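A.B. asks: What follows is a single structure, and I will ask about it in a moment.
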Amino acid sequence: DSSFLHFHESDCDIGGSSSCESMLSLNTEKILSQAKLLAEQKRFPFATDNDNTNEELAIAYVLIGNGLYDEAIRHFSTMLQEEPELVSAIYGRGIAYGKKGLHDMKNAELALFELSRVISLEPDHPEVFEQRAEILSPLGRISEALSDLTKAIQLQPSARLYRHRGTLYFISEDYATAHEDFQRSLELNKNQPIAMLYKGLTFFHRGLLKEAIESFKEALKQKADFIDAYKSLGQAYRELGNFDAATESFQKALLLNQNHVQTLQLKGMMLYHHGSLDEALKNFKRCLQLEPYNEVCQYMKGLSHVAMGQFYEGIKAQTKVMLNDPLPGQKASPEYLKVKYLREYSRYLHAHLDTPLTEYNTDTDLPGNFKDHWAKNLPFLIENYEEQPGLQPHIKDVLFQNFESYKPDVQELICVADHLGSMMQYETPGFLPNKRIHRAMGLATLEVMQAVQRTWANSKVRMNGKTRLMQWRDMFDIAVKWRRIADPDQPVLWLDQMPARSLSRGFNNHINLIRGQVINMRYLEYFEKILHFIKDRILVYHGANNPKGLLEVREALEKVHKVEDLLPIMKFNSKTRDGFTVNTKVPSLKDQGKEYDGFTITITGDKVGNILFSVETQTTEERTQLYHAEIDALYKDLTAKGKILILSAELGEVDAVCNLILSLVYYFYNLMPLSRGSSVIAYSVIMGALMASGKEVSGKIPKGKASIKISKYISSLVDFEAMTAPGSEAFSKIARSWMNLK
């Protein structure tokens, strides 16, 4: 925004025609002409009352404007030899050092030294504090830069200063304070599309997506061709789960600039996670044409190919990512850290491509340390690791099939699977529909249904290379298999199949609901339920440990309507001053009165904006054995009652079977036995088993109860309410609604 630094560059082309004048003589003439005009108008900082001095100063400032920083420094230095405290020369020399390049610490130190001298001589000029902040911030000295900008604002508030300070708060992840500064900046000058964009980003990073969308739209009203605003709008819609609106916004950004790499990358990733792999691949390929070393696009290109069964192209792309070793001291990218696991798993999948899925077991085939490191997202540092075999020429890639090429009965099966899978979609903001996952888990549901029906009819199933009567793990393994096929990027592994040393340490399934100022909007729907549970537990705690203060605590809890309101409650007891944890208990059906560890809710922090509100499940070997015993007993009972159900049409038998199915999945989900995907796998097993139990009696269920929508109940059942109590009335209602599925 500083006009004295904006000058026209020379028209002369070095190495051009012979008629072009000497660059030096031409620039000298232009510099003197520009300097004279600048001096007459005093359009540079700290102009003096002496015309000759001003002309000399103006020459040096014009040199800066033309990028001749060393010449400007020499000119200022000559003037300072005669007049050591000439403020404008000190300031100008500091600017020139800064513009030479802050990658050289010597330049940065000299720039800061000169600007600090100016401040000591002229402490009431905001532009000097701002300039020093511009030097400090790239050096990572953000707190000092913020202090300088605050001082500048105190001296003379402006839209630019508020915007500048807001940007630094944004970089520091203090999004709430950044939002305040961008808002003040916009109050002083409404027409600032960049400030409006950043205001939207402060909402976005706090999980306030609807507010972010409004700000991005406002930025586009101010600047209709604002590519970054369209890109950010698309990303906000994508995070909200609105695929169509996100696609439209990304497309508008690409219409403005078809080579906008970041938009191509974000659009491609959205398409991948929507299950549109073909379209995603086109975006990643275009991205790599423009930026051949873009690790994100290269990784996602390799992943997309493998997910589609194109292993040769996929592994080739993965290998390119592996070759991008980080430089000494440089942090490795997430893609670089993940790609070795993906390549090894891709090789494993390719080696088994022509082997029926029932004939091999991924959990026993993959090395224990490999699985452990992959599940924990650790760097690929595995001792004595033996690589998976390379690509075998006789194993061909998967051939693409058109839907129309399938037989009518297969088409019908796929359509039913798509419908079943779509019913697993969370109806809450933050979850992008993934049609690939929907189809895979819909097919898993149908296979579970078939396997359960065969088991209840005393038939055996083929699993992991063996023919046997199905056990409960086999039932879940059907869904696990389909989940792995759907997305090879994610390690869907049984935790109890990890190495013994890892099992003894346990595995944490951790979800941040609020971290600092960032709200995980995917789980906003559950905040009220969790908060109500916490309040109940606080009353129980104080009733046992602080009976005299119970009334005061109860009155305080009545004013608690959001998580932040719990902070004052923490001060009531010295043990909870810095935070507290609340543990859920899972009642046993096998041993009445016995309880198992459920999940842990943690709240720490001292003020709004500095809160950690999280949910965690600790899966240990001992805990796993307790849950397995519960599931074993339930499955044994379920199998016995399922066999009776096959021969009976009594409604009471149906209710008993359905409650057993839901109770079994209840313990499975509380156990969290998988490294990823426990939720959707639980859905698939519930749906498949309930459909198996309803086949013979679908016409006997009362119409009113059958009309209950499963999606309404089941979306809350598995993630939170499923953790509260099995065998409830809601369980029966959910089960009966499945009986009418055709």
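The values are calculated or read from the model by the stated rules, or taken from the named source; none is laboratory data. None of these values were measured; they are calculated from a predicted model. In this analysis, Cβ positions are derived from the backbone assuming ideal geometry, glycine residues included, and neighbour counts consider all displayed protein chains. We work out accessible area using only protein heavy atoms, side chains counted, and drop any ligands, DNA or RNA first. Shrake-Rupley method; radii C 1.70, N 1.55, O 1.52, S 1.80 Å.
A.B. asks: Anything over 22 Å Cα to Cα? Flag those among K376/K529; K435/K481; K217/K285, in the order listed. Intermediate results must be reported in sequence, preceding the final value.
C.D. replies: Numbers: K376/K529 30 Å; K435/K481 17 Å; K217/K285 30 Å.
Table pairs above 22 Å Cα-Cα are K376/K529; K217/K285.
A.B. asks: In angstroms, what radius of gyration and Dmax does the range 453-500 have, counting Cα atoms only?
C.D. replies: Answer for the range 453-500, Rg first and Dmax second: 12.8, 37 Å.
A.B. asks: Further, regarding this structure: What percentage of the solvent-accessible surface of the range 245-355, computed with a 1.4 Å probe over protein heavy atoms, is contributed by carbon and sulfur atoms?
C.D. replies: Accessible surface attributable to carbon and sulfur in the range 245-355 totals 53 percent.
A.B. asks: For Cα pairs less than 8 Å apart in space and 6+ apart in sequence, what is the mean separation divided by the residue count of the range 512-618, i.e. the relative contact order in percent?
C.D. replies: 30 percent
A.B. asks: If the only charges are +1 at each Lys and Arg Cβ and -1 at each Asp and Glu Cβ, what is the size of the charge dipole of the chain around the Cα centre, to the nearest 20 debye?
C.D. replies: Around 3200 debye, computed over the chain.
A.B. asks: Report the FRET efficiency, 1/(1 + (r/R0)^6), for D51 and Q251, where r is their Cβ-Cβ distance and R0 is 60 Å, rounded to 0.05.
C.D. replies: Efficiency computed from Cβ-Cβ geometry: 0.55.
A.B. asks: Can you list residues whose amide H is under 5 Å from V461's amide H, if they're 5+ apart or on another chain and H is modeled 1.01 Å from N?
C.D. replies: Amide H to amide H, under 5 Å and 5 or more residues apart or across chains, V461 pairs with R468, L469, M470.
A.B. asks: Sticking with this structure for a sec: For K535, give me every one of the aspartates and glutamates with a C-alpha distance below 20 angstrom, ignoring sequence neighbours fewer than eight places off in its own chain.
C.D. replies: Counting by Cα, and skipping residues close in sequence, K535 has these aspartates and glutamates nearby: E525, E552, E555, E558, E564, D565, D578, D597, D606, E616, D719, E721.
A.B. asks: Rounded to the nearest 0.05, what FRET efficiency do E595 and V518 have when you use their Cβ-Cβ distance and R0 = 35 Å? Please report the intermediate quantities before stating the final value.
C.D. replies: Values: r = 33 Å, r/R0 = 0.95.
Working from the Cβ atoms, E equals 0.55.
A.B. asks: Throw me the Rg/Rh for the chain, computed over C-alpha atoms with Kirkwood Rh, two decimals.
C.D. replies: My calculation of the ratio gives 1.07.
A.B. asks: Short version: ³J(HN,Hα) in whole Hz for each residue of the range 448-464, in order, from phi by Karplus 6.51 cos²θ - 1.76 cosθ + 1.60 (θ = phi - 60°), x for Gly and Pro, what are they?
C.D. replies: Per residue, the Karplus-derived 3J(HN,Hα) values read 4, 4, 5, 5, 5, 4, 5, 5, 5, 8, 6, 8, 8, 10, 9, 9, 6 Hz.
A.B. asks: Considering only DSSP states other than H, G, I, E and B, which trypsin sites (Lys or Arg not before Pro) in the range 471-577 qualify as loop sites with at most 15 other Cβ atoms within 10 Å? Walk me through the numbers on the way to the answer.
C.D. replies: On the way: sites: R473, K481, R483, R484, R501, R505, R515, R522, K529, K535, R537, K548, R554, K559, K562, K571, K575, R577; in loops: K559, K562, K571, R577.
Passing sites in the range 471-577 are K559, K562, K571, R577.
A.B. asks: Below 20 Å, Cα to Cα, which aspartates and glutamates can K223 reach? Residues fewer than 8 away in the same chain don't count.
C.D. replies: D1, E187, E211, E214, E248
A.B. asks: Where the accessible area of the range 512-618 is counted over protein heavy atoms with a 1.4 Å probe, how much of it, in %, is carbon and sulfur?
C.D. replies: Carbon plus sulfur share of accessible area: 49 percent.
A.B. asks: May I ask you to give the solvent-accessible area per residue for the range 512-618, in square angstrom, as obtained with a 1.4 angstrom probe?
C.D. replies: It amounts to 57 Å² per residue over the range 512-618.
A.B. asks: For the range 36-146, report the translational diffusion coefficient in µm²/s to the nearest whole number, using Stokes-Einstein at 20 °C, 1.002 mPa s, and a Kirkwood Rh over Cα pairs.
C.D. replies: The calculation lands on 153 µm²/s.
A.B. asks: So how long is each side of the range 276-387 along the principal axes, counting just the alpha-carbon atoms, biggest first, in Å?
C.D. replies: Per principal axis, max minus min of the Cα coordinates gives 43, 37, 19 Å.
A.B. asks: If you don't mind, another one. What do you get when you divide the Cα radius of gyration of the range 197-291 by 2.2 N^0.38 Å, with N the number of residues?
C.D. replies: Numbers: Rg = 12.8 Å, N = 95, 2.2 N^0.38 = 12.4 Å.
In units of the 2.2 N^0.38 Å rule of thumb, it is 1.03.
A.B. asks: So, for the range 437-503, what is the accessible surface per residue at a probe of 1.4 Å, expressed in square angstrom?
C.D. replies: Heavy-atom SASA per residue in the range 437-503 reads 36 Å².
A.B. asks: Let me ask another. Counting only C-alpha contacts under 8 Å and six or more residues apart, can you give the relative contact order of the chain as a whole percent?
C.D. replies: 8 percent
A.B. asks: Specify the inter-centroid distance of the range 358-436 and the range 549-565, based on alpha-carbon positions, in whole Å.
C.D. replies: Distance between centres, Cα-based: 48 Å.
A.B. asks: Please express the shape of the range 512-618 as an equivalent ellipsoid: the semi-axes are the square roots of 5 times the eigenvalues of the C-alpha gyration tensor, given largest first in whole angstrom.
C.D. replies: Semi-axes (√(5λ), whole Å): 23, 20, 12.
A.B. asks: In angstroms, what radius of gyration and Dmax does the range 487-534 have, counting Cα atoms only?
C.D. replies: My reading of the Cα-based Rg and Dmax gives 15.7, 39 Å.
A.B. asks: N283: net charge of surrounding residues, Cβ under 10 Å, Lys/Arg +1, Asp/Glu -1, itself excluded?
C.D. replies: Overall, the nearby charge balance is +4.
A.B. asks: What do you get for Rg/Rh of the range 123-197 when both radii come from the Cα atoms and Rh is the Kirkwood radius?
C.D. replies: Ratio of gyration radius to Kirkwood radius: 0.95.
A.B. asks: At 1.4 Å probe size, with no ligands or nucleic acids counted, give the accessible surface of H561 in Å², nearest ten.
C.D. replies: Its heavy atoms expose roughly 140 Å² to the probe.
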